[in-house]
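The values are calculated or read from the model by the stated rules, or taken from the named source; none is laboratory data. Keep in mind that this is a model prediction, so the values were computed, not measured. Cβ atoms come from the backbone with ideal geometry, glycine included; neighbour counts cover every protein chain shown. These accessible areas exclude ligands, DNA and RNA; they are computed on the full protein's heavy atoms, side chains included. Shrake-Rupley method; radii C 1.70, N 1.55, O 1.52, S 1.80 Å.
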Amino acid sequence: MTKTAQLIFEGKTIDLPIVEGTHGDRAIDITRLRSEAGLITYDPGYMNTGPCRSAITFVDGENGVLRYRGYPIDQIAERGSFTETAWLLIFGELPTRDQLARFSAGLCAEELLHEDVKHHFEGFPPNGHPMAMLSAIVNSLGCYHHDLLEIESKGEFYLAASKIISKVRTIAAFSYRKSMGLPFMYPNPALSYCRNFLHMMFSIPHRHYDPSPEAVRALSLFLTLHADHEQNCSTSTVRMVGSSQANLFASVSAGICALWGRLHGGANAGVVAMLEQIRDGHRTPREVLELAKQKKFRLMGFGHRIYKSYDPRAVILKKAAHELLYKLGKADELMDIGMELESAALSDPYFIERKLYPNVDFYSGIILRALNIPVQMFPVMFAIGRMPGWIAHWYEEHLEHKSKIHRPRQIYTGQVLRDYVPIDER
Ligand code: ACO
């Protein structure tokens, strides 16, 4: 028997069904609330709203649990690769050796941009932000692949997903090269996904950049840990745009825009800026914490809407940052400052009471710095990583026949009815 919750309002009792997830999480189904009670729900920031059912990623924020398609993130991080994770998220199962080989070959086949796409970069100013270029050019891919604007078969979806996952890396690297005034380096199909990206970023004509295996592995880990995180701001944006049956290119391009903000994918750059301020003597860690507590500043890389304990991705990234610096024989003062700040925050009643812990962005910047990725590329790196998640969510929604256009309501608080006043009488 379906469980229900009862709402009693103005003498009327309304039964509202309970929806349950596989881990027992429960939600009140309010789809008939307005028609039966004349009420809508008011939930700024969607703190208590589940707009969909999803079988992609499970997060238990209280206990610091994250699983992709049921697999614990620490197992995937230790043993998987980014392309394998992309397949898992999008298609629901770990790929067989053959599936992975064909997927990787497909990504290689799609790595080049149409030559005309290169001209789009000429239209941007020299110091244009790579995140703006990424979003614009990913959207423009729809102009070059008309046949994939309407996805009507699994084969078409597979092709569109492969194109985006492969080309986003080329576009990202070209955006950086444009911002540096450097010539574009074409992708090399002989290289793995991550190695190829580093080649496009850092090779120069007649001097091939050959990153260490540790650097390649760290990049794959970074991307893997960013690959999905259920209904976050950017993924919800992708689903919102996709709900109007907008095409995949446009939908993920909107996700890139949503990711850019400092409270979301822009936080990793904010962390580095904050740590640099401390390093350069502009503020002490204590001053930073005091400003955060006075609400004049957000401690970047701290706090999370869902996690009320340590973000499991931050645990993995902190360890990986240490290992990478050690293996590359590098030191980074920002790592030490970050750890000092973290330990001060975690013993401060303000952060303890509010259950504010380091999130994925706190240590990710240290890894990106060790890979020589410039700070303005940090959100771009996040976007490359999050792409499989956005695509998986877009497709999940696309396949759901009962999926409805996302169209929230509001509580109107403006003027009541009044008559138009001619301009001379105002
Ligand atoms: N520094 C200081 N105080 C904070 C922080 C922080 N980083 N985060 C939350 N708080 C405080 C709030 O001021 C609030 O205090 P109050 O109860 O006294 O009013 C309380 O903690 C709850 O915070 P909310 O803003 O209600 O939490 P919300 O879930 O809306 O925000 C968010 C989550 C945006 C991540 C927030 O913690 C934040 O701004 N963090 C810093 C930016 C950041 O690191 N973003 C990356 C998030 S992970 C990601 O997107 C990949």
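Here are a few things to note about the model shown:
- Convex hull (Cα only) mean projected area of the chain, reported in nm² to one decimal: 27.7
- Within a Gaussian network of the chain (alpha carbon springs, distance under 10 Å), most fluctuating of Leu325, Leu317, Leu134: Leu325
- Surface share of carbon and sulfur [accessible, 1.4 angstrom probe, percent] for the chain: 53
- Sparsely packed loop sites in the stretch 1-63 (the chymotrypsin sites (Phe, Trp or Tyr not before Pro) outside DSSP H, G, I, E and B with at most 16 other Cβ atoms within 10 Å) comprise Tyr42.
- Charge dipole (debye, nearest 20) of the chain; +1 at Cβ of Lys and Arg, -1 at Cβ of Asp and Glu: 300
- Per-residue SASA entry for Leu94, accessible area with 1.4 Å probe, Å² rounded to 10: 80
- At least 15 Å along the helix axis (C-alpha) and Kyte average at least 0.0, DSSP helices within the chain: 97-109, 130-144, 154-180, 213-225, 248-259, 267-279, 312-328, 333-346, 378-399
- Neighbours of Gly303 by Cβ distance under 9 Å: Lys/Arg scored +1, Asp/Glu scored -1, total +4.
- Global form of the stretch 13-82, assessed from the alpha-carbon gyration tensor, a/c cut-off 1.5: prolate
- Placing Arg286, Arg67 in order of accessible area, with the largest value first and a 1.4 Å probe, yields Arg286, Arg67.
- Net charge dipole, the stretch 272-426: roughly 420 debye, given to the nearest 20, about the Cα centre with Cβ charges of +1 for Lys and Arg and -1 for Asp and Glu.
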